[in-house]
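Just below is one structure, and these are the notes that go with it.
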Amino acid sequence: MIAEDEFNRAIHNEGLRRGRKRWRLNVGLGKPWRLRNKSLYICTSDDLRGVDYRRKNPVRYRVQVIKLSDLLSFSDIPITIFTSGSKSKSSQQEDLLLREVDFIDGDLPTDMGFGIFGSRIVLAGGSERPEGPNESYVLETDPSVEPKPRFIGTRRESQPQYVILEFKGVKPDPLLVDIKGKLYALAGIDFSWEYPAFEVFDPETKAWTTLPTPPKWMTECESWILRFCYAAVGTKILVTPSFGKTYCFDVANPERSWHVLKWRKGSFPNCFSRALVLDLEDDCDKLVFTYELENDRIQVHLMNLSNEGQLIGIKLVAEIMLPNQFTAESYSCAHLGGRKVCFLFMDWECPVHTFSLHAMTFEFLYSKSAAIASSTPDICSSCASDPYFLHCNSICGSFSAKPLGSRFFIYNGTEESLSLCSINLGGCFVLSFSAKAMGYRFFEYNWPDCGIFY
């Protein structure tokens, strides 16, 4: 594979060719010290209904963690991970690359959602139940606050200060997004009931406030189940129903409420999950990464914004073909910093009750001008014989991807074969350990400077 300096030299030469005085490159995770204390937290939900759909406790929620340094390596040998309910769980848990942080099961609702708020992983929402709003849970990852991270519910007798209260209304499969220090929660399936579907949590008041009710989007889709594609762009929350319009809510301008976003060109991708939106350096535009389940490919869109931050248009610029043919039942993705992105794919294989997790990490290069392709001929051609080579189909401009790591994990649920039905990815988040004057704390990297050039 092409070396890091060769990969960056091509960009530098293009900058000189275009007459730029300064050509700044953010390598991101290029130095070992930057990897030392960063980890990827992987959130999943286990469907335990199996053949008994009347089971009272049909779901289990789990958080696992892997160091980013372990993600940036290649291996074809799958690592077996025993599920949380297995009697054969490895006694060498601390030696595993993918370690279990905590899990929670019991009398829990289905369709709960994961989110990140500061150093806390939040598990909240879920399907409607007769007893009213569902309990919320928080897993604090900061060791100075919680030496042994574990899920703590809102109905626990002695609650720590960092607990986030439960919603006012029912929210199945909610979007949980942190914008400017507040946690926004939006129901992820139909909002036809009378409960508040959209709320915001203020850590200063420690209370949820009801926000304007979204439109009844179920009328726009004939399917009996409606799920959405989400994206957070600055202070704006974008939601696109199945084959529907794109709706926008700007938390900086709540008086406008929800409104239909009128793109001058293009339409938002239909990914049935949260899209990954990254900034372009020295530009107002964004790159949007999604995964197309039907054709097993990663799609990259260019989102155009005005100088005032208004969304103008969106268009497909590239598709990344996966190196191996497989079908992913669920996926999640995270920005690792710089131009580095990690995609997680969950699938189940034969024998039944064995589930596979594929972690694929790559570094991308994008130029709005196709001219850069002629100055970087070796980026793709020299990797064509590599088994991890990522074929990129550039549709507009020039886009290429260099694989950085590929790891496989097999979840062995044979001892739960009568109950374990599926494992779905609920999100993945990068958290980093940093020394501070008042001790240690965890925080999420937003990485606004992506080092992408045009």
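Read the figures in this text as sums done on the coordinates, not as results from a lab. Fair warning: this is a prediction, and the values are worked out from it, not measured in the lab. Quick reminder, even Gly has a Cβ in these numbers, built from the backbone with ideal geometry, and neighbours come from all protein chains shown.
Observations, loosely collected:
- One equal scatterer on each Cα of region 268-368, no solvent, Debye formula: the resulting log10 I(q)/I(0) at q = 0.12, 0.14, 0.21 Å⁻¹ is -0.43, -0.57, -1.13.
- Amide H contacts of Val317 (H built 1.01 Å from N, in plane; Pro and chain starts excluded): Val300, His301, Leu302 sit under 5 Å, all sequence-distant by 5 or more or on other chains.
- For Glu329, the residues whose amide H sits under 5 Å from its own are Met346, Asp347, Trp348, ignoring neighbours fewer than 5 places away on the same chain, with H placed 1.01 Å from N.
- Residues Ser330, Ser306, Ser75 arranged by fewest to most Cβ contacts within 10 Å: Ser306, Ser75, Ser330
- Listed pairs Lys245/Lys368; Lys38/Lys206; Lys180/Lys262; Lys38/Lys265; Lys171/Lys402 exceeding 31 Å between Cα atoms: Lys38/Lys265; Lys171/Lys402
- Residue order, fewest to most beta carbons within 10 Å, for Glu329, Glu100, Glu204: Glu204, Glu329, Glu100
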